[in-house]
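Every number in this text was worked out from the coordinates using simple rules, so none of it is lab data. Values in this document were obtained by computation on a predicted structure and should not be read as measured data. Here the Cβ positions follow ideal geometry from the backbone for every residue, glycine too, while neighbour counts run over all protein chains shown.
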Amino acid sequence: MTIKISRLNLSELPQAKKMIKKVFMTFEAPDYSDEGVAHFLTYLNEELEKELSAKQVQLWCGKQDQQIVGILAVRLPDHVALLFVDSAYHRQGIAKKMYQEMLSELSLKQVTVNSSPYAVSVYEKLGFQLNGKEETVSGIRFQPMIFSREDE
């Protein structure tokens with residue numbers, strides 16, 4: 001299996017959103033209130049495209065045979081807004097490959113994320129550390145986390 005990491009082309013956004021929604025509903029929605037699920041879906045269906053158009057967000061994807069199996073979105077300058085991998089491709093290093101590609105392209109010293117409860121261990125494997133207590137905003141439960149690159 002060869003996964004190709006690249007920037008997401010805008011024409012691929014509908015396919016990416018479909019995959020994100022499927023993964024979100026399976027793994028994250030059960031931890032959220034109805035308000036939280038509605039808030040996330042509004043972001044995915046309405047706000048994400050606005051942020052892309054305004055160049056506030058950059059997206060990377062992992063593909064196998066032209067099929068999107070992973071998405072990483074960074075809200076500039078340095079905040080992970082979305083990180084999703086199709087469940088059939090979990091534990092295969094796709095999130096790590098997208099994350100490493102993003103870090104090398106953006107040359108960031110520090111990155112933040114508001115991790116879902118489900119994904120805390122994934123972010124820890126990427127080198128993130130807890131950065132405060134779990135919060136709930138608009139029904140979305142999240143754990144603030146931070147990644148700091150050691151001075152090289």
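Descriptive notes on the structure:
- For L44: the one exception among (1) more than 17 Å from P144 (Cα to Cα); (2) in contact with a His (Cβ under 9 Å, 6 or more places away or on another chain): (2)
- Subset of the stretch 21-58 (residues that are exposed (fewer than 13 other Cβ atoms within 10 Å of the Cβ), more than 17 Å from N114 (Cβ to Cβ) and not β-branched (V, I, T)): P30, D34, N45, E46, K50, S53, A54, K55
- Residue list for the stretch 30-72, restricted to those being in contact (Cβ under 8 Å) with a residue 40 or more places away in the chain and assigned to a loop (DSSP other than H, G, I, E, B): Y32, S33
- When A95 is tested against (1) touching a residue at least 60 places away in the same chain (Cβ under 8 Å); (2) assigned to a helix (DSSP H, G or I); (3) among the small types (G, A, S), exactly one condition is not met: (1).
- Of all residues in the stretch 73-92 being without any contact (Cβ under 8 Å) to a residue 24 or more places away in the chain and in a loop (DSSP other than H, G, I, E, B), the one that is surrounded by the fewest Cβ atoms within 10 Å (Cβ to Cβ): R91
- Matching entry among G139, G132 (being in contact (Cβ under 8 Å) with a residue 12 or more places away in the chain, surrounded by fewer than 16 Cβ atoms within 10 Å (Cβ to Cβ) and touching an Asp or Glu at 6+ places or on another chain (Cβ under 6 Å)): G139
- Residue pairs meeting the criteria (Cβ under 8 Å; at least 6 apart or on separate chains; first surrounded by fewer than 17 Cβ atoms within 10 Å (Cβ to Cβ), in the stretch 1-20; second assigned to a loop (DSSP other than H, G, I, E, B)): M1/Q92
- Criterion applied to E134, E101 was being within 24 Å of E12 (Cβ to Cβ) and acidic (D, E), and the one residue passing it is E101.
- Residues of the stretch 73-96 that are closer than 16 Å to E28 by Cα and either touching a Leu at 6+ places or on another chain (Cβ under 6 Å) or among the acidic types (D, E) (or both): L83, D86.
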